[in-house]
Amino acid sequence: MTRLTTLDILSDIIGWSYFFVWSISFYPQVFLNWKRKSVRGLSIDFLFYNLLGFFCYSIFNLALYFNKGIRDEYHSRHPLSENNLVRINDVVFSIHGFFISLFILLQTCVYKKSENQKISSFAASFVWLTLMGSALVLSTIHYGGANWLDFIYYLSFIQFIVCFIKYLPQVWLNYKRKSTQGWSIQYIIWDLSGGILSIIQLLLDAYIEGDWSGIQGVS
């Protein structure tokens, strides 16, 4: 019992550590944009992907943490888990991440940018397809073909895809310009550190619960 209590405390420490590290990661870019009064060198596609990802992540966390009906559905699919893998630090971070991502995107409307610095047709199509997919899943819920947990899992799947592709436009832009000017390296360092801590907490929570299905995606 003492061992589990110690692990729970450790999980909380890691969770709040990644919350602070990841939350801090946004501000070097905000400051850089403000200091330069320019967003040149910053990928608009990346900003839209990031905003979409945090929107999905926020809904996912809010639903699993606060909605009893969705939590009951989760426990029926994962009976070995006494708790879901969403903590209050996940909820606070995802909401903060959404609003600060929105703020950075709004900076592109205020500060100087290149003439061709706009969202690409691919990124715009991805966002619209995501919204259409959301409408499709919601319609199947309405007609009884799915439940709310399926919608939450759909959002988590979108967020998962976004995590893999969101940096690619920035990488490509840096390559084309042969420069990283306008892109904060501190953002990457803090973001990477927060991601590592987040994965550690997720694995530790699964170990504490003795249930890895939430990570493996087994329903």
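The values are calculated or read from the model by the stated rules, or taken from the named source; none is laboratory data. Just so it is clear, the structure is predicted and the values come from calculations on it, not from any experiment. In this analysis, Cβ positions are derived from the backbone assuming ideal geometry, glycine residues included, and neighbour counts consider all displayed protein chains. Calculation scope for accessible area: heavy atoms of the full protein, side chains included, ligands and nucleic acids excluded. Shrake-Rupley method; radii C 1.70, N 1.55, O 1.52, S 1.80 Å.
Observations, loosely collected:
- The set of residues in the range 64-103 being modelled with pLDDT of 85 or more and in a loop (DSSP other than H, G, I, E, B) consists of Asn67 alone.
- Only one of Gln201, Gln107 that is over 25 Å from Phe48 (Cβ atoms), touching a residue at least 60 places away in the same chain (Cβ under 8 Å) and out of contact with any strand residue (DSSP E or B) (no Cβ under 6 Å at 6 or more places or on another chain): Gln201
- Filtered by the rule that a residue be under 17 Å from the mean Cα position of the chain (by Cα) and farther than 13 Å from Ser101 by Cα, the range 13-45 gives Gly15, Trp16, Ser17, Tyr18, Phe19, Phe20, Val21.
- Given (1) open to solvent by less than 10 Å² (accessible area, probe 1.4 Å); (2) over 22 Å from Asp150 (Cα atoms); (3) not in a loop (DSSP other than H, G, I, E, B), index of the condition Asn61 fails: (2)
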